[in-house]
Each structure stands twice: as C-alpha cells, then as structure tokens.
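Undergrad: My questions will all concern the structure given below.
The values are calculated or read from the model by the stated rules, or taken from the named source; none is laboratory data. Computed from a prediction, not measured in an experiment: that's the story for all the values here. Heads up, the Cβs are rebuilt from the backbone with ideal geometry, glycines too, and the neighbour counts pull from every protein chain shown.
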Amino acid sequence: MSRLLLLLMLSTAALFSVYAGAPIIDPEKRDITLTEAAHFYKEGCLFVDARASEDFADGHIRKAYSLSVNDFEKRINDFRKAYSDTINMIVYCSGRECSDSHDLAEKLYRSGYFNIRLFVDGFPAWKAAGFPVDTASN
C-alpha cells in the first residue's frame, strides 16, 4: 500500500511541475557544445532554427529547418507531418543570450518530441567556426 501511495505522490508532483511551467528538459543532458553539434551534423541529425524567419533568411546552418518559436502554434502541424516524434534534433538560436532555442525545445517536448538537444552557442558560433551555412529559407 505504501508503494502505491508513494507512486501516486511522485506522479502528482511530476504532473504539477509540467503544468506549473517548470523546465522539463534536464539541462545537464540537453546542452551540447560546438564540437558535439558538428558531430551530430555529420551524423545527419535534424537542426531546427528557433529564430525569427527573417534571421533564418539572413543565414542559418545548412539544411536546418526554420521553426520560429514565435510561429510555433501556426507551424507545428507542418513540422509534425514532416518529422516523426522519434527524430533526433538539435535546436539552436542566436547564442547564449538568446532564449528562443530553450523556449522552442520546451514547446517541442510538450508536443511529444523527446530527442532534443540544445546547441547553446547557436548560429554565431557555427558561422564563426566556418561550418556550412545557407541564406535560403525553407
């Protein structure tokens, strides 16, 4: 009986944290470096740009998908049609001072996508390193 009660209490606490807006993606496991991002890029992981579409058009990681955090509700259905919820993805924005990638990752997680990593240094670091970039939109 006490195990059942403990399980119920833990489930309730977890559910409350989700609805209370608490972060549900562990930062210790999700944040990746430039070197790790380059590795995942070579492995063919999907890169998702959380910045505004205008910023994406000005330059983005080659082959990235534009899913601006500001347009999430309008574009999530198209994203779902294109990518299964089991896809491995790297979400990025304009670097450490930008919260768009974190916000988008949370929205994606709450929409059933769990294989998410954050490239915290974002597009500026990628471009500065001389890695592939494009200026066309998708």
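Undergrad: Which residue pairs have Cβ atoms closer than 6 Å, lie 6 or more positions apart in sequence or on different chains, and pair a first residue in region 20-47 that is aliphatic (A, V, I, L, M) with a second residue that is at pLDDT below 55?
TA: Pairs that qualify, where the first residue is aliphatic (A, V, I, L, M) and the partner is at pLDDT below 55, are ILE24/VAL18.
Undergrad: Does PHE72 count as touching a helix residue (DSSP H, G or I) at 6+ places or on another chain (Cβ under 9 Å) and within 19 Å of PHE40 (Cβ to Cβ)? Lay out the reasoning, then the answer.
TA: On the way: touching a helix residue (DSSP H, G or I) at 6+ places or on another chain (Cβ under 9 Å): yes; within 19 Å of PHE40 (Cβ to Cβ): no.
No.
Undergrad: Quick check on my filter: what residues within region 82-121 are closer than 15 Å to ALA37 by Cα, surrounded by fewer than 17 Cβ atoms within 10 Å (Cβ to Cβ) and out of contact with any Cys (no Cβ under 7 Å at 6 or more places or on another chain)?
TA: So the first thing to find is which residues in region 82-121 are closer than 15 Å to ALA37 by Cα, and the list is 88-96, 101, 115-121.
Then drop every residue that is not surrounded by fewer than 17 Cβ atoms within 10 Å (Cβ to Cβ), which leaves 88, 95-96, 115.
Result: GLY95, ARG96, ASN115.
Undergrad: Which residue pairs have Cβ atoms closer than 6 Å, lie 6 or more positions apart in sequence or on different chains, and pair a first residue in region 98-115 that is over 15 Å from ARG75 (Cα atoms) with a second residue that is small (Gly, Ala, Ser) and crowded, with 20+ Cβ neighbours inside 10 Å?
TA: Close Cβ pairs satisfying both conditions: ASP100/ALA50; SER101/ALA50.
Undergrad: If you don't mind, there's one more thing I want to ask. What do you reckon, is ALA129 buried (at least 20 other Cβ atoms within 10 Å of the Cβ) and either small (Gly, Ala, Ser) or touching a residue at least 24 places away in the same chain (Cβ under 8 Å) (or both)?
TA: On the way: buried (at least 20 other Cβ atoms within 10 Å of the Cβ): no; either small (Gly, Ala, Ser) or touching a residue at least 24 places away in the same chain (Cβ under 8 Å) (or both): yes.
The answer is no for ALA129.
Undergrad: Oh, and also: Hey, can you tell me all the residues within region 34-87 that are of a type in the set (Phe, Trp, Tyr) and in contact with a Ser or Thr (Cβ under 7 Å, 6 or more places away or on another chain)?
TA: Correct list: PHE56 only.
Undergrad: Please go through (1) in contact with an Asp or Glu (Cβ under 9 Å, 6 or more places away or on another chain); (2) modelled with pLDDT under 95 for LEU118 and return the number of the only condition it doesn't satisfy.
TA: It fails just one condition, (2).
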